[in-house]
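First up is the structure itself, then whatever we jot down about it.
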Amino acid sequence: MADLVNLTINGRAIQAPAGTLVIDAAKKAGIEIPAFCYYEGYSLQAACRMCLVEVEKMPKLQAACTLPVGEGMVVRTESAPVVKTRKSMLEFLLANHPLDCPVCDKGGECELQDMSFRYGVGESRFTEMKHHVDEKQWSPVVFYDGPRCILCYRCVRVCNEGMGVGALGIINRGEQSLITPNAEDHLDCDECGMCIDICPVGALTSGTYRYRTRPWEMKHVGSICAFCSDGCKTTLGVRGHEIIRGNNRDRSGINGEFLCMKGRYAFDFIEHPARLTSPLMKVNGKFEEVSWSKALEAAAKKFAEVKSRGGKFGIAGSTKTTNEENFYLQKFAREGLGTNNIDHHRSGDVVALVDALDGRADALAAMADVYTMTASLVIGSDLAQEHPLIAFQLRANNRHHHGNTYAVTKGPVREDKYAAASVRCEEGKELEAVEGLREQLSKEKELLVVFGDAIKGEAVGKLVAFGDSLGIPVKYICLVDYSNSRGAMDMGLLPDLGPGYVPVDNPGMTLPEMMAARDLDVLWVVGANPLARHELGSSGAFVVAQEMFLTETAKRADIVLPASAAYEKSGTVTNVTGECQKLHAAGRTMGTKPDLEILGLIAKGMGLNLGIWSSSNVFEEIRKSVRGYNIPLPIIATGQAAQTNPLSGRVRVTPRPDLIQSAGNTLFTSGSLGRYSKKLTSVLEHPGQLYRP
Amino acid sequence: MTFSPELEAKLEKLMNSYPPGRKKSALIPMLMFTQDEVGSITPELVEEVARRIGIPTVQVDEVVTYYSMLHRKPMGKHHVQVCTNISCLLWDGDELYEHACKKLGIGHKEVTADGEFSLEEVECMGACSWAPAIQVNYDFHHHVTKEKLDEIIDSLKKLR
Ligand code: SF4
Ligand code: SF4
Ligand code: SF4
Ligand code: FES
Ligand code: FES
């Protein structure tokens, strides 16, 4: 630990490690020094001069945000000169500011408002005309209102350092200064909205939220992003039953304040006009809207009839439904219908990893490890596109701890910019490329290995053997695609493994086998779209689909049951690093039901006793019976991430690398679901050509 | 974009004169040298400089729009810069600037029809001790009077 330095702030004796900035030392001691441009985690700017303090023996006021503590330093943060200067600084900041708080999006949440309220003079000596420039739209999500900007550079730094994009800059100088986008009049960027989120004022506003509400009219619901498997916590701003904002300003959760475009803006899929809001049944080849009771009864009757004559079921589960729904579905299949013909679309070989790690503790990484481990090896994934949070944390690790990153990928990736080594290799040659890094890697203190679907089947075992041979502690992340891809496997949506990777006696059919089977009687699809990739071999199969939209699969169905979205239900999901987190219902779409309720009602219709279908009940069952899920309830209940650990010895099943394929989503796509977010598709519809006048 | 062999050599020397990881320091001199050859900072030049230094183009734009010595439109062959900041002002730098306007028939950041001369009213150039001062391209002229300014311009006119 660094040496402790003694100093005095406002007459209080304080100790802080050498190198600490005065502003942080004060904060630690409960003394607030106002600041705009200073932002933890990003480079120092010293642009706003709000943090000026008086330091004895120094001739001028000092910026506390760039001044390290010194032995014997005597600091005053509320003396007369400081208070007076602060007032002047605010007067300057407001010289050209339009003061349109009554209509500004940020009103009520604005740092400039708060500071003016607390430290300002309330009047101005400036009588000159204010310098005005018109508001500009830079992308479907980013708008810039220049006059409100206080030039704190936060947006520029978060884009440059946090995102690794560098799409924003400041042009001109003095009062003519403005933030500018990278592609002349528009942005060519990740559209993550991090710049909007970090802006202390209403200069950057979002196309989703702007001018739609006042912040105090919303209630804030913390839930988990419905898209990729990284599992970001998102705070949804809800008015009535409508979600109008997504952010994570309270920095709770594994993602801090990070969200990518999907988590921040793509929740609009829930209100897409194509959303199904009534059960449908096919009558003479055409869909008819029917009541829930009629549709559920028909499904239950069909299932009971096929079951009683020993017919063949095929069940496809989802990578986006909750753990409770997945667990209940497999229980329904195995106990209720007596079949192991259950599977889901697999995007990473978690099974092979669990097998290869053979029960050893601590070999599966948590999201926090991405930020703290001293070295990481990324194999076969473009993280900035496919796993935005992991990519963000790796960059932060590099900035804050100088963590070394090694990238072994097919094409260029964002990590190249700071990687200790980047290796390009053909698909299938990854292990050889990794072998080539052996010397460098074995010199590291520890290693985090993050691998995509390029490493599957036997290759996973070889990769773990390679990790073992380095003689350093190694942890792994097996990348999977969607918000609960990991949970689907953990809960046993697999024909050969039950919950907790326990092999079953009579393995059932895999998803491609079900689809190809000519004699399938019932295909039951819960929140998946297998017909987008496979033909249905059995022309006579009765298809029941639980879906939000009329996907390829739902179109072929005989009964379609409209399902609630992840943002409309409770339950838990497990992210790519095995962290289990709780969903909280934020919105509601009339006419839909959560999948768990649908499953329960069909079971009831069939007279099956599979237990009460409330998510808390099923979660209790999971905690008691699924290996690795005996997690502390308070962690889950308080909205934090609880680490699960499914490792316990070998998993003796036949490897099926052929079944594993990642969708290779980009920042603006997310399988079938992404197509129904207008925000996501609007970026794709105008690539590089956004909003020219 | 490629430049003349002389400029390329100069740029190479420039890029090697900073410690590792400090390539960005080459940005301002690189912009000035290349502006001299290209005539102005064109969008293509911005891209080229960004590429060579390894930064996003928007970071080059930040510098180009900040410094008045970097021009996005071509200036004259002889770029006359007259200081009207405080020291020069006390020595009638403002009148000197007015005189230059009349003499050349152009105003601030304008170019003569033949492309020979351009004029710019600039802030302090650090030549206060010898005020009033003017700068033509990279050459300084000190204690400049109206007559001396005429002489300088006339001698440059003869050069062609
Ligand atoms: S939306 Fe994200 S990537 Fe785009 S400019 Fe803002 S911070 Fe940068
Ligand atoms: S747009 Fe916002 S974050 Fe960016 S410099 Fe202006 S005030 Fe700061
Ligand atoms: S990184 Fe993944 S989990 Fe996080 S906001 Fe983006 S899509 Fe959602
Ligand atoms: S916070 Fe210190 S100068 Fe802005
Ligand atoms: S004021 Fe003219 S050179 Fe300094």
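The values are calculated or read from the model by the stated rules, or taken from the named source; none is laboratory data. Just so it is clear, the structure is predicted and the values come from calculations on it, not from any experiment. No Cβ is skipped: glycine too gets one built from the backbone with ideal geometry, and neighbour counts run over all protein chains shown. The area values use the complete protein model at the heavy-atom level, side chains included, leaving out ligands, DNA and RNA. Shrake-Rupley method; radii C 1.70, N 1.55, O 1.52, S 1.80 Å.
Condition check ((1) buried (at least 18 other Cβ atoms within 10 Å of the Cβ); (2) in contact with a Leu (Cβ under 7 Å, 6 or more places away or on another chain)) across all residues:
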residue: A:Ala295; (1), (2): yes, yes
residue: A:Asn341; (1), (2): yes, no
residue: A:Ser347; (1), (2): yes, no
residue: A:Val350; (1), (2): yes, no
residue: A:Val354; (1), (2): yes, yes
residue: A:Asp358; (1), (2): no, no
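Let's see how each residue does on (1) touching a helix residue (DSSP H, G or I) at 6+ places or on another chain (Cβ under 9 Å); (2) more than 14 Å from every other protein chain (Cβ to nearest Cβ):
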residue: B:Val58; (1), (2): yes, no
residue: B:Gly115; (1), (2): no, yes
residue: B:Glu120; (1), (2): no, yes
residue: B:His142; (1), (2): yes, yes
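Entry remark, region A:206-224: residues being more than 16 Å from ligand 1 (Cβ to nearest atom) and under 14 Å from A:Ile243 (Cβ atoms) number 10 in total.
Every listed requirement among (1) within 14 Å of chain B (Cβ to nearest Cβ); (2) within 21 Å of B:Val63 (Cα to Cα); (3) within 14 Å of ligand 2 (Cβ to nearest atom) is met by A:Val165 save one, (3).
Filtered by the rule that a residue be of a type outside the set (D, E, K, R) and either open to solvent by 10 Å² or more (accessible area, probe 1.4 Å) or within 16 Å of ligand 4 (Cβ to nearest atom) (or both), region A:182-202 gives A:Asn182, A:Ala183, A:Cys189, A:Cys192, A:Cys195, A:Ile196, A:Ile198, A:Cys199, A:Pro200, A:Val201.
Against the test of being touching a Cys at 6+ places or on another chain (Cβ under 7 Å) and within 16 Å of ligand 5 (Cβ to nearest atom), the options B:Ser87, B:Ser68 yield a single qualifying residue, B:Ser87. Residues in region B:95-102: is at least one within 14 Å of chain A (Cβ to nearest Cβ), open to solvent by 80 Å² or more (accessible area, probe 1.4 Å) and in contact with a helix residue (DSSP H, G or I) (Cβ under 9 Å, 6 or more places away or on another chain)? So far as region B:95-102 goes, no, none of its residues is within 14 Å of chain A (Cβ to nearest Cβ), open to solvent by 80 Å² or more (accessible area, probe 1.4 Å) and in contact with a helix residue (DSSP H, G or I) (Cβ under 9 Å, 6 or more places away or on another chain). Listed by position, the helices (runs of 4 or more DSSP H) contained in region A:457-549 that have at least 1 residues being open to solvent by 30 Å² or more (accessible area, probe 1.4 Å) and touching a residue at least 60 places away in the same chain (Cβ under 8 Å) are A:458-469, A:511-516. Checking the structure you have, find out if any residue of region A:122-139 is surrounded by 22 or more Cβ atoms within 10 Å (Cβ to Cβ), away from every other protein chain (no Cβ under 14 Å) and not basic (Lys, Arg). So far as region A:122-139 goes, yes, one or more of its residues are surrounded by 22 or more Cβ atoms within 10 Å (Cβ to Cβ), away from every other protein chain (no Cβ under 14 Å) and not basic (Lys, Arg).
Checking each residue of region A:387-396 against the condition of being touching a residue at least 40 places away in the same chain (Cβ under 8 Å), open to solvent by less than 50 Å² (accessible area, probe 1.4 Å) and in a strand (DSSP E or B) gives no match.
Set side by side, the residues B:Ser87, B:Ser68 differ, and just one is among the polar types (S, T, N, Q), open to solvent by 30 Å² or more (accessible area, probe 1.4 Å) and within 14 Å of chain A (Cβ to nearest Cβ), which is B:Ser68. As for region B:57-78, it holds at least one residue that is within 12 Å of the chain's Cα centre (by Cα), assigned to a strand (DSSP E or B) and touching a residue at least 12 places away in the same chain (Cβ under 8 Å). Here is a check on your reading of the model: is A:Asp230 assigned to a helix (DSSP H, G or I) and within 16 Å of ligand 3 (Cβ to nearest atom)? Judged against the criteria, A:Asp230 is not a match. What are the pairs with Cβ atoms under 7 angstrom where one residue, in region A:22-49, is at negative phi and within 16 Å of ligand 2 (Cβ to nearest atom) and the other, located anywhere, is aromatic (Phe, Trp, Tyr) and at pLDDT 95 or above? Sequence gap at least six, or different chains. Here the result reads A:Cys37/A:Tyr153; A:Gln45/A:Tyr153; A:Ala47/A:Tyr153; A:Cys48/A:Phe36, each pair linking region A:22-49 to a residue that is aromatic (Phe, Trp, Tyr) and at pLDDT 95 or above. Please tell me if A:Thr208 is under 24 Å from A:Ala566 (Cα atoms) and either within 14 Å of chain B (Cβ to nearest Cβ) or free of Cβ contacts under 8 Å to residues at least 40 places away in the same chain (or both). Taking the combined requirement at face value, the residue does not satisfy it.
Every condition in (1) out of contact with any His (no Cβ under 6 Å at 6 or more places or on another chain); (2) outside the structural domain of B:Lys24 (by TED's automatic domain parsing) holds for B:Asp61 except the one numbered (2). From the list A:Lys57, A:Lys27, A:Lys106, A:Lys84, the one residue that fits, being assigned to a loop (DSSP other than H, G, I, E, B), more than 16 Å from ligand 3 (Cβ to nearest atom) and surrounded by fewer than 19 Cβ atoms within 10 Å (Cβ to Cβ), is A:Lys57. Of all residues in region B:6-19, those satisfying the criterion of being open to solvent by 100 Å² or more (accessible area, probe 1.4 Å) and free of Cβ contacts under 8 Å to residues at least 12 places away in the same chain are B:Glu6, B:Glu12, B:Lys13, B:Asn16.
Filtered by the rule that a residue be part of a helix (DSSP H, G or I) and among the charged types (D, E, K, R), region A:308-328 gives A:Glu324, A:Glu325. Of the strands (runs of 3 or more DSSP E) entirely within region A:242-307, those holding at least 3 residues that are under 30 Å from A:Leu684 (Cα atoms) occupy A:242-247.
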